[in-house]
Amino acid sequence: MSGCDKPGLLPVEEALERLLDLARQTPINEVERVSLGEADGRVLAEPLLSGLDLPPWDNSAMDGYALRLADWQGEPMAVSQKIFAGVAPEALQLGTCARIFTGAPLPQGADCVEMQENVEVLADGRVRFLQPLKFGQHVRPQGQETLKGECVLPAGTRLGAIELGLAASLGQAELSVRRKPRVALLSTGDELVEPGKPLALGQIYNSNRALLKAWLLRSGCEVVDAGILPDDLAKTCEVLGSLAGVDLILSTGGVSVGEADFLGAALREAGELSLWKLAIKPGKPLTVGHYQGVPVIGLPGNPASTLVTFALLARPYLLRRLGVEEVAPLRFEVPAGFAWKHAGNRREYLRARLENGRALLYPNQSSGVLRSAAWADGLVEVREGRTLEEGEMLPFIPLSEVLN
Ligand SMILES: Nc1nc2c(c(=O)[nH]1)N[C@H]1C(S)=C(S)[C@@H](COP(=O)(O)OP(=O)(O)OC[C@H]3O[C@@H](n4cnc5c(N)ncnc54)[C@H](O)[C@@H]3O)O[C@H]1N2
Ligand code: MOO
């Protein structure tokens with residue numbers, strides 16, 4: 001962790017690389033089997049291999065009639081069986097067709113399905129196909145989605161609704177996942193009061209705790225709520241010492257140049273401390289270190305700074321510790337619905353909303369204004385040194401990408 005304190009501002013990508021390196025050195029490797037119902041938000045520990053072909057047999061994509069194309073000479077055909085989804089059909093009788101429903105297995109010998117809308121049922125029960133037929137039409141062939149033995153999801157995949165649906169389609173009732181990271185959440189600041197209590201002059205409500213707790217929980221973490229750090233070195237050390245079993249101590253506030261930085265003092269005394277100054281706005285100061293071997297990340301206390309640094313730095317760090325390779329959120333270019341006349345020396349992540357395909361800025365981009373993020377759909381990135389005319393393209397990171 002040493003060597004991170006240097007003059008000048010640390011570029012965002014370099015800070016991220018350093019954090020990901022630290023994450024690689026402290027992987028959370030323990031694996032547990034959990035039911036699909038418990039696997040949402042977790043990280044797959046082993047590749048998910050398919051134990052079957054999907055679909056397991058050729059089946060019909062339509063309600064209609066199945067036939068062997070070579071048997072059809074343009075004449076009406078007799079219907080020799082009725083096949084519902086869920087039943088095993090008999091082999092198709094030569095020269096006949098079978099009534100079939102969507103999802104039902106094709107009878108042996110059939111290679112074509114016609115939907116019932118294009119079929120006339122004659123008075124004698126035979127059917128006439130009203131349009132030319134093609135080999136394989138409306139047939140969903142065995143294994144078209146997945147073949148037995150194929151790797152469907154690699155280890156390190158974050159599991160969400162879609163992945164769980166996919167695992168269920170392969171018949172998996174349980175999955176092997178990394179155990180949940182245990183994250184202790186701490187706030188610092190004499191001014192902080194918990195919601196529900198009265199507010200005296202000079203005090204504000206603690207919003208970072210609610211924000212990060214909800215976010216960590218939905219990121220698949222176990223949260224140890226360690227409260228507000230006491231304004232006293234011995235007591236701070238006592239609190240930190242009680243967190244020996246967690247994987248990460250995540251604090252907010254008190255990381256700039258304040259005089260009452262007991263977290264920093266505690267890390268210096270019984271661990272390691274680096275104070276990073278990042279070329280990022282909001283979110284310049286970041287504490288990285290450990291207390292008696294337990295990794296510590298201290299995010300800046302301004303709510304929008306907490307949000308941006310958690311989204312772009314702490315979250316990827318946690319995911320990498322769980323073996324997730326792709327930790328960078330999806331981003332895409334959008335035209336700016338604003339001009340940016342003054343180039344900054346920090347990379348700005350501005351809270352923006354997409355309207356008519358353009359990114360509009362929340363009028364107040366102060367790092368103290370969390371409401372900017374509630375209004376926004378995502379963050380637009382304006383690189384250090386850049387100015388912009390309205391209509392120029394710039395990267396947009398949807399908040400939905402980093403909140404899940
Ligand atoms: N002389 C300097 N002052 C500051 C610098 C600097 O470089 N030199 N950096 C500024 C920047 S940039 C940021 S960001 C903040 C970072 O501050 P800290 O992380 O030390 O946080 P605090 O001073 O404790 O709080 C900042 C701000 O956020 C409010 N806060 C803190 N915790 C919470 C919480 N849990 N819920 C809601 N709001 C919280 C706090 O009341 C302050 O208003 O430092 C600048 N200063
Ligand atoms: O960068 Mo601080 O992040 O201005 O709020």
Exercise. Hey, does region 174-194 have a residue that's under 30 Å from Asp111 (Cα atoms), at pLDDT 95 or above and open to solvent by 50 Å² or more (accessible area, probe 1.4 Å)?
Worked result: no
Exercise. Can you name the number of the only condition in (1) within 16 Å of ligand 2 (Cβ to nearest atom); (2) within 20 Å of Leu212 (Cβ to Cβ); (3) outside any helix (DSSP H, G or I) that Val296 fails?
Worked result: (1)
Exercise. Do you know which of the residues in region 242-258 that are open to solvent by less than 30 Å² (accessible area, probe 1.4 Å) and not hydroxyl-bearing (Ser, Thr, Tyr) is farthest from ligand 1 (Cβ to nearest atom)?
Worked result: Asp247
Exercise. Which residues, counting only those in region 328-350, are surrounded by 21 or more Cβ atoms within 10 Å (Cβ to Cβ) and either away from ligand 1 (no atom under 16 Å from the Cβ) or among the hydroxyl-bearing types (Ser, Thr, Tyr) (or both)?
Worked result: Ala336, Tyr349
For this session: Enumerate the pairs (first residue in region 299-319 and more than 9 Å from ligand 2 (Cβ to nearest atom); second residue anywhere and part of a helix (DSSP H, G or I) and small (Gly, Ala, Ser)) with beta-carbon separation below 6 Å, excluding pairs fewer than 6 apart on the same chain, so at least 6 apart or on different chains.
Result: Leu307/Ala373; Tyr317/Ala23
For this session: Give just the number: which of (1) open to solvent by less than 10 Å² (accessible area, probe 1.4 Å); (2) over 27 Å from the mean Cα position of the chain (by Cα) does Leu273 not satisfy?
Result: (1)
For this session: Just name the residue that is surrounded by the fewest Cβ atoms within 10 Å (Cβ to Cβ) out of those in region 223-236 that are touching a strand residue (DSSP E or B) at 6+ places or on another chain (Cβ under 8 Å) and modelled with pLDDT of 90 or more.
Result: Asp225
Problem set entry | Members of region 259-281 found to be closer than 29 Å to Asn345 by Cα and either part of a helix (DSSP H, G or I) or within 11 Å of ligand 1 (Cβ to nearest atom) (or both), listed by number | Glu259, Ala260, Asp261, Leu263, Gly264, Leu275, Lys277, Leu278, Ile280, Lys281
For this session: Could you pull out the residue among Val239, Val246, Val223 that is among the β-branched types (Val, Ile, Thr) and part of a loop (DSSP other than H, G, I, E, B)?
Result: Val246
For this session: Kindly indicate the residue of region 351-382 that is basic (Lys, Arg) and within 16 Å of ligand 1 (Cβ to nearest atom) and also least open to solvent (accessible area, probe 1.4 Å) among those meeting that condition.
Result: Arg351
For this session: Select from region 1-24 the residues that are more than 25 Å from the chain's Cα centre (by Cα) and either surrounded by 11 or more Cβ atoms within 10 Å (Cβ to Cβ) or modelled with pLDDT of 95 or more (or both) and list them in ascending order.
Result: Met1, Cys4, Asp5, Leu9, Leu10
Exercise. Within region 193-209, is even one residue assigned to a helix (DSSP H, G or I) and within 16 Å of ligand 2 (Cβ to nearest atom)?
Worked result: yes
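The values are calculated or read from the model by the stated rules, or taken from the named source; none is laboratory data. Every value quoted in this text rests on a predicted model; they were computed, and no experiment measured them. Note: ideal-geometry Cβ built from the backbone for every residue, glycine included; neighbour counts use all protein chains shown. Each accessible area value is taken on the protein alone, full model and side chains, heavy atoms only, with ligands, DNA and RNA left out. Shrake-Rupley method; radii C 1.70, N 1.55, O 1.52, S 1.80 Å.
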